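Colleague: Below you'll find the structure I mean.
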Amino acid sequence: MVNNMMNMQTEETLRKELGNHYPYKSHFKAVNGHQLHYVDEGSGPVIIMVHGNPSWSIYWSKLIDELKSKYRVIAIDHIGCGFSEKPTDYSYTLEQRIEDLSSLVEQLELSEYSLFVHDWGGAIGMGLAQKDPSKVKSLVVFNSAAFFSANIPKRIAMCRWPVFGKLAIQGFNAFAGAAVHMATNKGFSRSLRKAYVAPYNSFNNRRATFEFVKDIPMEEEHPTRPVIDKIEAELPKFSKHPLLLIWGDKDWCFDASFLKTWKTKFPNAQVLNLKDSGHYVVEDGFDDYLPTLNKFLDENIPHAK
């Protein structure tokens, strides 16, 4: 009851900052002892949308609006992000986030679904998918990874430093605040920038954005390294699944090297390069990728006419 009241108060406060950018009804489920928020719009074949760091379910808003007339679209907020609970007694790790998403799928009794993933959502989503590949109908990957890469930009590496990173990200909102400028090539409106950072309005509420960066498994002995290695090792399970790679070529973080790895692991994947889109490719490239995406979905998860 206390957690529900806390989430209601948080939501009421946040919605004042969002303008018209987030008109969706909120849903909550308890996962591993904490309240996870998600959007659940439309009906039909299920699409689960999994965001990365430092975004939240608002990142998918254009696609939610576009697809909810034909599909049931579920877009989550990871614990610590968006409208979800922001606890201090939580393991902010890749393994835990996979378990959270798995718990939600189980509670919603989803027998099959397609996955849309971005950024850290690539590893989280593929970690979920590997629990039961038979449930997965198709995959749409936007600038992300589900494998180890030694290619980490210096500005991200610096944010992993325990003292500097925590101060910069939690103290000064240097990650979420910078992303609304640096992760888009075409630019956000002032109101959209405000909406994106609204959930990260205090030191504690920015903990997840720091923990996400700290959890990047660059070292061999990093506790998340075996998790990402296992996810990568099991990617061949999806070699016959329909997969669409939509890639913003102006991404300075998930650059062309990541796309090359995806193409190597999935040589039959359909690939769409967007030369004028940055890391926040779902926003930047919407008009450019939408026809290809709709065609891909029509061919691989036909909706009721």
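Colleague: Within region 278-285, identify whether any single residue is of a type in the set (Asp, Glu) and not in a loop (DSSP other than H, G, I, E, B), and answer yes or no.
Modeller: yes
Colleague: Restricting attention to region 129-142, does a residue exist that is in contact (Cβ under 8 Å) with a residue 60 or more places away in the chain, buried (at least 22 other Cβ atoms within 10 Å of the Cβ) and in a helix (DSSP H, G or I)? Even if it seems obvious, please write down each step before you answer.
Modeller: Looking only at region 129-142, we keep the residues that are in contact (Cβ under 8 Å) with a residue 60 or more places away in the chain, and these are 129-130, 133, 136-142.
Remaining after also requiring buried (at least 22 other Cβ atoms within 10 Å of the Cβ): 129, 136, 139-142.
Subsequent filtering for residues that are in a helix (DSSP H, G or I) retains 129.
Scanning region 129-142, I find at least one residue that is in contact (Cβ under 8 Å) with a residue 60 or more places away in the chain, buried (at least 22 other Cβ atoms within 10 Å of the Cβ) and in a helix (DSSP H, G or I), so the answer is yes.
Colleague: Just to be sure I understand, how many residues within region 171-201 are among the aromatic types (Phe, Trp, Tyr), under 17 Å from the mean Cα position of the chain (by Cα) and in a loop (DSSP other than H, G, I, E, B)? Steps first, please.
Modeller: If we filter region 171-201 for residues that are among the aromatic types (Phe, Trp, Tyr), which is where we start, we get 172, 175, 188, 196, 200.
Pick out the ones that are also under 17 Å from the mean Cα position of the chain (by Cα) and you get 175, 196, 200.
Checking which are in a loop (DSSP other than H, G, I, E, B) leaves us with 175, 200.
Number of matching residues: 2.
Colleague: Continuing with the same structure: Among the residues of region 64-101, write down those that are touching a Gly at 6+ places or on another chain (Cβ under 8 Å) and of a type in the set (Ser, Thr, Tyr).
Modeller: Selection gives SER69, TYR71, TYR90, TYR92.
Colleague: May I pose another question? Conditions: (1) assigned to a loop (DSSP other than H, G, I, E, B); (2) modelled with pLDDT of 95 or more; (3) open to solvent by 10 Å² or more (accessible area, probe 1.4 Å); (4) touching a Lys or Arg at 6+ places or on another chain (Cβ under 9 Å). THR88 meets all but one. Number of the miss?
Modeller: (2)
Colleague: Follow-up. Of everything in region 175-213, what is farther than 29 Å from LYS275 by Cβ and buried (at least 17 other Cβ atoms within 10 Å of the Cβ)? Give them in sequence order.
Modeller: Correct list: ALA198, PRO199, TYR200, ASN205, ARG206, ARG207, ALA208, PHE210, GLU211.
Colleague: I'd like to verify a number: residues in region 254-305 that are under 24 Å from LYS137 (Cβ atoms), of a type in the set (A, V, I, L, M) and open to solvent by 50 Å² or more (accessible area, probe 1.4 Å), how many?
Modeller: Within region 254-305, residues that are under 24 Å from LYS137 (Cβ atoms), of a type in the set (A, V, I, L, M) and open to solvent by 50 Å² or more (accessible area, probe 1.4 Å) number 2.
Colleague: Continuing with this model, one more query. For the subset of region 30-45 comprising residues that are more than 18 Å from the chain's Cα centre (by Cα) and within 19 Å of SER91 (Cα to Cα), which member is least open to solvent (accessible area, probe 1.4 Å)?
Modeller: Here the answer is HIS34.
Colleague: Are any residues in region 94-122 part of a helix (DSSP H, G or I) and either open to solvent by less than 10 Å² (accessible area, probe 1.4 Å) or within 30 Å of SER277 (Cβ to Cβ) (or both), and if so, which ones?
Modeller: Selection gives LEU94, ARG97, ILE98, ASP100, LEU101, LEU104, VAL105, GLY121, GLY122.
Colleague: Just to be sure before I move on: is ILE79 of a type in the set (Val, Ile, Thr), part of a loop (DSSP other than H, G, I, E, B) and either open to solvent by less than 10 Å² (accessible area, probe 1.4 Å) or modelled with pLDDT under 95 (or both) in the structure I sent? Give the derivation first.
Modeller: Numbers: of a type in the set (Val, Ile, Thr): yes; part of a loop (DSSP other than H, G, I, E, B): yes; either open to solvent by less than 10 Å² (accessible area, probe 1.4 Å) or modelled with pLDDT under 95 (or both): yes.
Criteria met by ILE79.
Colleague: Given the conditions (1) of a type in the set (A, V, I, L, M, F, W, C); (2) open to solvent by 10 Å² or more (accessible area, probe 1.4 Å); (3) at pLDDT 95 or above, which single one is not true for ALA168?
Modeller: Here ALA168 meets the rest and fails (3).
Colleague: Next question, about the same structure. Looking only at region 146-165, filter to residues that are open to solvent by less than 60 Å² (accessible area, probe 1.4 Å), aliphatic (A, V, I, L, M) and in a loop (DSSP other than H, G, I, E, B); which one of those is farthest from GLU95 (Cα to Cα)?
Modeller: Here the residue is ILE152.
Colleague: Identify, please: which residue in region 215-236 is outside any helix (DSSP H, G or I), touching a Lys or Arg at 6+ places or on another chain (Cβ under 8 Å) and not β-branched (Val, Ile, Thr) and is, among those, surrounded by the fewest Cβ atoms within 10 Å (Cβ to Cβ)?
Modeller: Ranking the qualifying residues of region 215-236, first place goes to GLU219.
Colleague: Inside region 237-253, can you point out the residues that are open to solvent by 70 Å² or more (accessible area, probe 1.4 Å) and either part of a loop (DSSP other than H, G, I, E, B) or within 14 Å of ALA123 (Cα to Cα) (or both)?
Modeller: Across region 237-253, the qualifying residues are LYS240, LYS250, TRP252.
Residue-wise test of (1) of a type in the set (Gly, Ala, Ser); (2) over 27 Å from TYR289 (Cβ atoms).
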position	(1), (2)
TYR92	no, yes
GLU95	no, yes
SER111	yes, yes
SER114	yes, no
HIS118	no, no
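Colleague: Which one of these is basic (Lys, Arg) and farther than 27 Å from VAL73 by Cα: LYS194, LYS295, LYS240, LYS260?
Modeller: LYS260
The values are calculated or read from the model by the stated rules, or taken from the named source; none is laboratory data. Computed from a prediction, not measured in an experiment: that's the story for all the values here. When we count neighbours, we look across all protein chains shown, and the Cβ atoms used for this are built from the backbone with ideal geometry, even at glycine. Side chains included, ligands, DNA and RNA excluded: accessible areas come from the protein's heavy atoms. Shrake-Rupley method; radii C 1.70, N 1.55, O 1.52, S 1.80 Å.
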